[in-house]
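Undergrad: Okay, here's the structure, questions in a sec.
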Amino acid sequence: MIENMSFHSLQRDEFYTFGKRIIGVFTGYDLETLNLKKPYDKLPPAVNMLDEAMIKNSTAALTTDVVNKDTRRDDGFVALRNYLRACEKRLKPEWRQAARLILNAIKVYGVNLHREAYSSESARLNNLIADLENKPELKAAITLLLLTEWVAELKQAQADFEIAEKARVDAKASTSEIKTDDACLEVRKACEFLFQFLELNNQLDPKDEYKEIMRKINEVIAEFMSTIKARKTRNEKEEEENVEA
C-alpha cells in the first residue's frame, strides 16, 4: 500500500523534485510487462511542464539583474560626464581643452544617453566607448585627465549589462505560458493516477516488482513528509516567538 502524500503542503520546487524522484523509482523496470507504461507516461511530461513554468518564473530574477546592471552603467556614464564638466572649470587650459574634447565626443551620442531605451543606450555607449578607445586625440585626453580606469569601468558595466540582458531574453524565449500552479497540479494528478494504477495492479495480480516499487515510493513520500513536518514545526515556533515578542 502506498502511503498518503500531502501534496497540498509541497512548495513548487518540491513538486518538481518529488516528480523527478518518482520517475527515478520506475527507472529500470519493464513497464510494458508490468502494465504500468501508460499511467507512467503521464508523469514525465507533467514534470517537464513544471520545469518550463519554473524557468519562466525565474525570469523575474533575471529582469531584476538587468535593471541593476543598467543602473550600474548609467552611474558610470553620469560619473564620467560630470567629472568632465568639472574638469572644464579647471584653471589649467590643457585640462579644459581635454575635457571639452571628450565632452564633444559624448555629445555626438547624447549627453543624456543613459535615459535612452535599453537597446538605444547600448548602441550609443558601445559607439562612444569605441571612439574613446580608438581615436588618438581622445586617448591622449583620457590619459591626461586620469580617466583610463573610468572608461574601463564603464566598458565593463556595459558588457555586464549585455550579458544580463541576453540571459533574460534567452530564458524568456525558452519558456511557455504555463502557470506554475497549474503545472504543479498536473504533477500531482499524474502521480496519484500512477499510484492508484500500481496499487490496483498489485491487488489483481501481485508481483514482487509491484511491492518493490511501492516500497521505494513510500521511502520518497516519507522523506518529503518529514520535510513538510519540519517546516511546519519551524513555522509554528517562529509564530510563537513573534507573539511572545
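Undergrad: Compute the long axis of helix 93-109 from its Cα atoms, compare it with the longest principal axis of the Cα atoms of the chain, and write down the angle in degrees, 0 to 90, nearest 10.
TA: The two axes meet at around 50 degrees.
Undergrad: Once R0 is set to 25 Å, what does the formula 1/(1 + (r/R0)^6) return for the Cβ-Cβ distance between PHE193 and ARG231, expressed as a FRET efficiency to the nearest 0.05?
TA: Numbers: r = 27 Å, r/R0 = 1.07.
With a Förster radius of 25 Å, E is 0.40.
Undergrad: Give the Rg (one decimal place) followed by the Dmax (whole number) of the chain, computed from C-alpha coordinates and expressed in Å.
TA: Rg and Dmax of the chain, Cα atoms, are 30.0, 97 Å.
Undergrad: Continuing with this model, one more query. Which FRET efficiency, nearest 0.05, do ALA222 and ASP65 yield, Cβ-Cβ r, R0 35 Å? Before the final figure, lay out each step's value.
TA: Details: r = 38 Å, r/R0 = 1.09.
The pair ALA222/ASP65 has a calculated efficiency of 0.35.
Undergrad: While we're here: Normalising by the residue count of the chain, find the relative contact order in percent from Cα pairs under 8 Å and 6+ residues apart. Mind showing how you got there, number by number?
TA: On the way: 194 pairs, mean separation 93.5, N = 245.
Computed over the chain, the figure is 38 percent.
Undergrad: Okay, moving on. Note down the net charge around CYS184, summing +1 for each Lys or Arg and -1 for each Asp or Glu among other residues with Cβ under 12 Å from its Cβ. Before the final figure, lay out each step's value.
TA: Details: positive: ARG12, LYS179, ARG188, LYS189; negative: ASP13, GLU14, ASP51, ASP181, ASP182, GLU186.
That sum, taken over residues with Cβ under 12 Å, equals -2.
Undergrad: Provide, in order from the shortest bin, the percent of all Cα-Cα pairs of region 1-135 in each 10 Å bin, continuing until the bin that contains the maximum pair distance.
TA: Here the calculated profile for region 1-135 is 10, 24, 16, 10, 11, 12, 10, 5, 2, 0.
Undergrad: Let me ask another. How far apart, in nanometres, would the label points at ILE163 and ARG115 be if each is projected 7 angstrom from Cα along the Cα-to-Cβ direction?
TA: Reported label-point gap for ILE163 and ARG115 is 3.1 nm.
Undergrad: Among GLN11, LEU43, TYR118, whose Cα lies farthest out toward the positive end of the dipole of the chain, if unit charges sit on the beta carbon of Lys, Arg (+1) and Asp, Glu (-1)?
TA: It is TYR118, whose Cα lies furthest towards the positive end.
Undergrad: Grab the other residues whose beta carbon is less than 11 angstrom from that of LEU31, score K and R as +1, D and E as -1, and report the net.
TA: Details: positive: LYS37, LYS38; negative: ASP30, GLU32, ASP41, GLU209.
After counting each charged neighbour, the total is -2.
Undergrad: Once you list every other residue whose beta carbon is under 13 Å from the beta carbon of TYR109, what net charge do they have if Lys and Arg are +1 and Asp and Glu are -1?
TA: Values: positive: ARG81, LYS107, ARG115, ARG124; negative: GLU116, GLU121, ASP131.
Charge balance near TYR109 sits at +1.
Undergrad: Here is a follow-up. Where the centre of each part is set by its Cα atoms, how far does region 1-28 sit from region 180-215, in angstrom?
TA: Spelled out, the Cα-based centre of one part sits 10 Å from the other.
Undergrad: Quick one: dipole size for the chain, taken about the Cα centre, charges +1 on Lys/Arg Cβ and -1 on Asp/Glu Cβ, in debye to the nearest 20. Could the numbers behind the result be given before it?
TA: Details: 38 positive and 43 negative charges, 299 e Å.
The dipole magnitude comes to about 1440 debye.
Undergrad: Could you work out how far helix 180-204 tilts from the main Cα principal axis of the chain, as a 0 to 90 degree angle to the nearest 10?
TA: Taking Cα atoms only, the helix is inclined about 20 degrees.
Undergrad: What shape does region 78-209 have by the C-alpha gyration tensor, where a ≥ b ≥ c are the square roots of the eigenvalues, rounded means a/c under 1.5, and otherwise prolate means a/b greater than b/c and oblate the rest?
TA: prolate
Undergrad: Ok, one more. Rounded to the nearest 500, what is the 222 nm mean residue ellipticity of the chain from helices alone, with -39500 (n - 2.57) per DSSP H run of 4+ residues and division by all residues? Each step should come with its number before you reach the end.
TA: Details: 9 runs with 195 residues, N = 245.
It comes out at -27500 deg cm²/dmol, rounded to the nearest 500.
Undergrad: If you roll a 1.4 Å probe over the heavy atoms of the protein chains, what accessible area per residue do you get for the chain, in Å²? All intermediate terms of the calculation are to be shown ahead of the outcome.
TA: Numbers: 14620 Å² over 245 residues.
Roughly 60 Å² per residue, with all protein chains present.
Undergrad: Give me the distance in nm between label points sitting 7 Å out from Cα along the Cα-to-Cβ direction at LYS207 and GLU52, one decimal.
TA: Each label point is offset 7 Å from its Cα along the Cβ direction, giving 3.2 nm.
Undergrad: Multiply the residue separation of LYS107 and MET1 by 0.36 nm, subtract the distance between their alpha-carbon atoms, and state the gained length in nm to one decimal.
TA: Values: separation 106, 0.36 × 106 = 38.16 nm, distance 7.57 nm.
Result for the pair: 30.6 nm of gain on full extension.
Undergrad: May I ask you to give the percent of accessible area on the chain that is carbon plus sulfur, with a probe radius of 1.4 Å? Each step should come with its number before you reach the end.
TA: Numbers: 7460 of 14620 Å².
That share works out to 51 percent.
Undergrad: Then there is this: What is the helix-to-structure angle for 118-134, meaning the angle in degrees between its Cα long axis and the longest Cα principal axis of the chain, kept from 0 to 90 and rounded to the nearest 10?
TA: Value to nearest ten degrees: 50.
The values are calculated or read from the model by the stated rules, or taken from the named source; none is laboratory data. If you're wondering where the values come from, they're calculated on a predicted model, not measured in any experiment. Don't worry about glycine lacking a Cβ; one is built from the backbone with ideal geometry, like all the others, and counts go over all protein chains shown. These area figures cover heavy atoms from the full protein model, side chains too; ligands, DNA and RNA do not enter into them. Shrake-Rupley method; radii C 1.70, N 1.55, O 1.52, S 1.80 Å.
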